1. Going by a 1.4 Å probe on protein heavy atoms, which residues of the range A:126-141 end up with at least 40 Å² less accessible surface in the whole assembly than in their chain alone?
2. Got a number for carbon plus sulfur as a percent of chain A's accessible area, 1.4 Å probe?
3. In peptide B:4-17, what is the residue-averaged number of other protein chain Cβ atoms found within 10 Å of each Cβ?
4. Averaged across A:221-227, how many Cβ atoms of other chains sit within 10 Å of each residue's Cβ atom?
5. If you take every DSSP beta bridge fully contained in the protein assembly as shown, what fraction is antiparallel? Give it as a percent rounded to 5.
6. Label-point separation (nm) for residue A:102 and residue A:19, each offset 7 Å from Cα along Cα-to-Cβ?
7. Within chain A, which whole H helices from DSSP have a Cα span along their axis of at least 15 Å and a mean Kyte-Doolittle hydropathy of -1.0 or more, if any?
8. What is the distance, in nm, between label points placed 7 Å from the Cα along the Cα-to-Cβ direction at residue A:262 and at residue A:277?
Amino acid sequence: MAGAKEIRTQIASIQNTQKITSAMEMVAAAKMRKAQQRMLATRPYAEKMRSVIGHLQLAHPEYRAAIMREREVRRIGYIIVSSDRGLCGGLNSNLFRHLMRELKEHRNQDHEIDFCIIGTKALAFFRRFGGRVIAHATHLGDAPHIEDLIGTVKVMLNAFESGEIDRVYVAYNRFVNTMTQTPSVEQLVPIAGEQDEKLKHHWDYIYEPDSKEVLDTLLTRYIEALVYQSVVENGACEQSARMVAMKSATDNAGGLIDELQLIYNKARQAAITQEISEIVSGAAAV
Amino acid sequence: MAMTIHVDIVSAEGEIYSGLAEMVYASSVMGELGIAPRHAPLLAQLKPSEVRVDEGSGGMKSFYISGGILEVQPHLVTVLADTAVRAADLDEAAAMEAKRRAEEMLAGQQADFEYARAQAELSEAVAQLRAIDRLRKVKQG
């Protein structure tokens, strides 16, 4: 019964894998709930930030920050948000595939590209793919803090201010619901704002200490908030994608075990039948 | 009824306060600001300090913020705090704890990085051993 024994060890190994995947599913489900709460908690700040920027675009500021002006594009910066860990289905590879299409278009237009990378998965991918990685931040953990991102964002903004890059995008997975995450790429800098010319009255803020300093700080915070929000959103995506992937892995393992069990039973029965027929034919010969 | 102004205090990691107030006090980098309803539009940079919200009838709430930006529209005050915790909760022990945790986390990250490097070195060593093993077998065979 050599075949039967092999099948039995195979079943045992699949059962072990199933145990691991179902544990991972439960962990991901618990983390997902927290990640979603965190995502909701960042919304008020982003909304207020957006409304302040909206007001600012209606005002007639005496100082126009470089960040708000469009210019001719030669070099583009991408901030890419990915997860630190794998086993979360096609989450990261979907994002990368989506990005590759866009990068190819930029290459066709002779735009050069710089990368800022958040998360080890994207780091590994772009190390293979090539391209200039000018900054990266990894191991942000389950509860990322905005302080961890300031450096990465600053590198990009500095490059923009010094004229090295002319446009900055952020690429991340947008959280739609637990089953659906869509890769999305958004323009960060220059801040895409519609200039409304038919304003009722001409007004400007009072600035303290002065317009340049306040506006530069405000716009930096705005960009940081957008990047932070995309990181938090990507975190929620990661957990829910992992939960779904692990659930299907557990189900598949169950299916495999059932199938193998059937084969095992058949092999066992065949062995017994063979033994009996050997005994019977042996007895008949005597 | 006294005139009121809508106040929102938010930080990147959550909403802190939202409500109506008669007066808001904050410290900008230039000095103390008091904002009453129908204040002119203002953008100010705040220094790490207390923001106090006078809700009228003696209700005064205070929040500690570690810097941020204050926007004033005639009927709206928005404080975009960098990281804000309730002033009442802010005691020395918690601050020390946060600092220690941060340092520990930094140390932990270091360890994680070391682990990754060690793993890479280990896999390299294993590959070398395997190659040597194979060479030996070839010689013997």
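The values are calculated or read from the model by the stated rules, or taken from the named source; none is laboratory data. Only a predicted model underlies this, so the values are computations on that prediction, with no experimental measurement involved. Glycine also receives a Cβ, built like all others from the backbone with ideal geometry; neighbour counts cover every protein chain displayed. Accessible surface is based on the protein model in full, side chains and every heavy atom, while ligands, DNA and RNA are left aside. Shrake-Rupley method; radii C 1.70, N 1.55, O 1.52, S 1.80 Å.
1. For the range A:126-141, once contacts with the other chains are taken into account, A:139 lose 40 Å² or more.
2. The nonpolar share, carbon plus sulfur, comes to 53 percent.
3. 5
4. Numbers: counts 6, 2, 0, 2, 3, 0, 0.
Averaged over the peptide's residues, the number is 2.
5. Of the beta bridges lying entirely in the protein assembly as shown, close to 65 percent run antiparallel.
6. Between residue A:102 and residue A:19, the label points sit 4.4 nm apart.
7. A:2-58, A:146-161, A:211-285
8. In this crude label model, residue A:262 to residue A:277 measures out at 2.3 nm.
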